[in-house]
Amino acid sequence: MRIRPLPLAGAALIESQPVLDDRGMFARLFCDDALGELLAGRTIRDINLSRCSTEGTLRGLHYQTGSSAEMKLVRCTAGSIFDVVVDMRPDSPTYMRWHGEVLSPRNLRMVVVPEYFAHGYQALEAGSELLYAVTEKYAPEAELGVRWNDPSVGIEWPRTVTEMSDKDRAIPLLPPSLAGNP
């Protein structure tokens, strides 16, 4: 596994190193030894699977706060997705900045989403699936969000949004006091 830091402080991209032979391919998708420094003593608490039926479906952007703040390890297992993280840590040098990566089973990449990073994704193909491991249990009372089209963040989604939950549509815009922050 190769770990590549992303432009947002603390976020990373993990690239699996496939072994190809006449039988096909083998790749290690998770290794606590290789990821030990990134995990820094954290334990994976849940592993979740999400499937998007329609190209353009958008989910997120969510994060948890307080003692429920969670790190996520995100991998696409079918189709392809545009995965987005937004740094919501006010003291971070990359506060309010976003970064996106295309994830697919073909590129064998996994995004590390640190605590206090909002996370969301858009399906680039119908039937796209996302598998993600999280370091804390889901706590709805600790969940916050960033609206997918908040102008103070300025995410450039690659597709027209075709589907989204009412919950995600209802996420309020960030307060004007945050607008314009880098």
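For the pair residue 32 and residue 45, label points projected 7 Å from Cα toward Cβ lie 1.6 nm apart.
Think of it as helices only: each DSSP H run of n ≥ 4 in the chain is worth -39500 (n - 2.57), and spread over all residues that comes to -500 deg cm²/dmol at 222 nm.
Quick check: net charge around residue 116, other residues with Cβ under 9 Å of its Cβ, Lys/Arg +1 and Asp/Glu -1? Counting the neighbours of residue 116, the net charge comes to -1.
3J(HN,Hα) along the range 132-145, derived from phi through the Karplus expression 6.51 cos²θ - 1.76 cosθ + 1.60 where θ = phi - 60°, amounts to 9, 9, 10, 8, 9, 5, 5, 10, x, 6, 9, 7, 10, x Hz, with x in place of Gly and Pro.
Shape class for the range 28-96: oblate, because the ratio a/c of the largest to smallest gyration tensor axis (alpha-carbon atoms, square roots of eigenvalues) is 1.5 or more and b/c is at least a/b.
Can you give the translational diffusion coefficient of the range 2-172 in µm²/s, computed by Stokes-Einstein from the Kirkwood radius over Cα pairs at 20 °C and 1.002 mPa s? This corresponds to a translational diffusion coefficient of 131 µm²/s. Would you mind checking the range 31-50 for residues with the amide N under 18 Å from a putative spin-label position 7 Å along Cα→C-beta of residue 167? Counting backbone N atoms under 18 Å from the label point, the list is 46-50. Each of residue 21 and residue 68 was given a label point 7 Å from its Cα along the Cα-to-Cβ line. The distance between the two points is 4.7 nm.
The numbers here are math on the coordinates, done by the rules we state, and not lab data. Please read these numbers as outputs of a predicted model, since none were measured by experiment. No Cβ is skipped: glycine too gets one built from the backbone with ideal geometry, and neighbour counts run over all protein chains shown.
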